[in-house]
């Protein structure tokens, strides 16, 4: 019994020592001490083999959604900007766009369409993208402007604002669904691009996190609407609150007039 306890303590100590190592490095270290500890580290070896297999699978997935970037680099592009927006559909708050230039060869684990990530995962990736990006820009168009010019024009305006903040300027822009007439840079339309391009996926995360934080900040000002929960989207709770309390300053009047 005492021997098992000692082995458990040794296993725990070893695991703490290799906690921050990449799976391949962890396995290399464990291989170097297997003669000393033998069966005592078998569970650790299996655990890190699974970690390595998962990482290799993630890298293969990442390569698959880097195809458009590789094609652009091979055609002579140096700076590729992915552009995406968040907030076209909600009843309240701004539409937010992001433009991101990632460095060639970068690897960001779990980078994917923001809608496929939890809020906690998006927050982590948001920080990593900002840290690793060559450049990024955020464009925000508020609810008043949306009411004045319509959501499609507001979305394009937000994207244009984001792109104009990029330094250096991109050689090509990857974008889904819309074309920007006021931007004199080569554009490539990629349908469902947030699932097919690392650049657009990165932009989708920056746009989503930025917009969520903006609308969450309105929750304490207008608590009856539940903005922190639904982020301004047309949930049953939100629509019922509009019918009961009317509009507040962050609502899009052109979107909610049918509920008043």
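What residue among 226, 234, 32 has the largest mean-square fluctuation in a Gaussian network model of the chain, using Cα springs under 10 Å? Of the options given, 32 has the highest mean-square fluctuation. Using a Gaussian network model of the chain in which every pair of alpha carbons under 10 angstrom is joined by a spring, one finds that among 156, 186, 34 the greatest mean-square fluctuation is at 34. Taken as Cα centroids, region 169-228 and region 86-163 sit 3 Å apart, rounded to the nearest whole angstrom. Residues within the reach of a label modelled at residue 216 (point 7 angstrom out along Cα to beta-carbon, backbone nitrogen below 17 Å), restricted to region 113-151, are 114-130. With respect to the chain, whose longest principal axis is taken over its alpha-carbon atoms, helix 42-64 is tilted by about 40°. Taking the longest Cα principal axis of the chain as reference, the axis of helix 119-132 is set at about 90 degrees. Counted by neighbouring Cβ atoms within 10 Å, the residues 253, 159 run from fewest to most as 253, 159.
Within the listed set 170, 90, 223, the residue fluctuating most in the Gaussian network model of the chain (springs between alpha-carbon atoms under 10 angstrom) is 223. Each listed q (0.07, 0.14 Å⁻¹) maps to a log10 I(q)/I(0) for the chain from the Debye sum over equal C-alpha point scatterers, namely -0.36, -0.93. Based on C-alpha pairs under 8 angstrom that are at least 6 apart in sequence, the chain has a relative contact order of 22 percent.
Can you give the relative contact order of region 77-211 as a percent, counting alpha carbon pairs under 8 Å and 6+ residues apart?
So the answer I get is 40 percent.
To the nearest 500 deg cm²/dmol, what mean residue ellipticity at 222 nm is calculated for the chain from DSSP H runs of n ≥ 4 alone, each contributing -39,500 (n - 2.57), summed and divided by the residues? Provide the component values of the computation, followed by the final result.
Working: 12 runs with 138 residues, N = 260.
So the calculated ellipticity at 222 nm is -16500 deg cm²/dmol.
For the chain, the share of DSSP beta bridges that are antiparallel, to the nearest 5, is 65%.
Does anyone have the angle between helix 23-37 and the longest principal axis of the chain? Alpha-carbon axes, 0 to 90°, nearest 10? The two axes meet at around 20 degrees. Ordering 123, 84, 113 by the number of other Cβ atoms within 10 Å of each residue's own Cβ, fewest first, gives 123, 113, 84.
Quick note: the coordinates plus some simple rules give every number you see, no bench work behind them. Just so it is clear, the structure is predicted and the values come from calculations on it, not from any experiment. Quick reminder, even Gly has a Cβ in these numbers, built from the backbone with ideal geometry, and neighbours come from all protein chains shown.
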